[in-house]
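Here the structure is laid out as structure tokens; the discussion comes afterwards.
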Amino acid sequence: MVNRTALKILVHVSRFGLAALWLFAACAKIYMRNDPTHSFFKNMNELVGNSLAQPLAVVIICAEIIAAILLLWPRTARVGALWSVALLISFAGYALYYRFGLGNAEGLECGCFGGIIGSQLGVTTALRNLLLLIPALLVIFGLPRLRRAGEQNQLEPQQVTS
């Protein structure tokens, strides 16, 4: 009973924490769009080139908002966590590719949080994103168990009265 309660609390904290993270990141990027030094839109030119920068920036912001919405709605929380895993692995992979694949020894301010929180694109960004996989995986694997446990509790009283 205590383990189920603790798991339920951890899953909800993880779910809402990830949703808050995605909403904060998307809103910070939009809020800082006109800042010449910290704008995610302006930094994208240095990350992927001029032709892909603006469309990709919009796609990333939309993907973060979609992840947050999916995590907030209880029926789609598991899909939102899977979406979060895909985003986190993609961001971590690109950070490592930027550092090692493209050979950029010097980190670039990625604008992940719109410049509100400074973040250099590289190994630390990749490690942070990979660490955030823990709450996402907790939602993926913890949420179905909670539903099954709730279904069993609902079925047992009906079976007793029959």
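The values are calculated or read from the model by the stated rules, or taken from the named source; none is laboratory data. Note that this is a predicted model, so its numbers are computed, not measured. Every residue, glycine as well, gets a Cβ built from its backbone with ideal geometry; the counts of neighbours run over all protein chains shown.
Quick notes on this one:
- Note on the stretch 70-103: residues that are loosely packed, with under 15 Cβ neighbours inside 10 Å and either within 22 Å of Met32 (Cβ to Cβ) or in contact with an Asp or Glu (Cβ under 9 Å, 6 or more places away or on another chain) (or both) amount to 1.
- Positions within the stretch 13-50 being hydroxyl-bearing (Ser, Thr, Tyr) and at pLDDT below 80, in sequence order: Thr37, Ser39
- Filter result for Pro157 (modelled with pLDDT of 85 or more, in a helix (DSSP H, G or I) and more than 24 Å from Met32 (Cβ to Cβ)): no
- Scan of the stretch 63-88 for residues that are free of Cβ contacts under 8 Å to residues at least 60 places away in the same chain and of a type outside the set (A, V, I, L, M, F, W, C), ordered by number: Glu64, Pro74, Arg75, Thr76
- Residue check for Glu106: among the acidic types (Asp, Glu) and modelled with pLDDT under 85: yes
- Only listed residue being touching a residue at least 12 places away in the same chain (Cβ under 8 Å) and either part of a helix (DSSP H, G or I) or over 20 Å from the mean Cα position of the chain (by Cα) (or both), chosen from Phe91, Phe100: Phe91
- Leu10 vs. criteria within 20 Å of the chain's Cα centre (by Cα), at pLDDT 90 or above and among the aliphatic types (A, V, I, L, M): yes
- Criterion (assigned to a helix (DSSP H, G or I), touching a residue at least 40 places away in the same chain (Cβ under 8 Å) and of a type outside the set (Lys, Arg)) met by exactly one of Ala53, Ala57, Ala25, Ala6: Ala25
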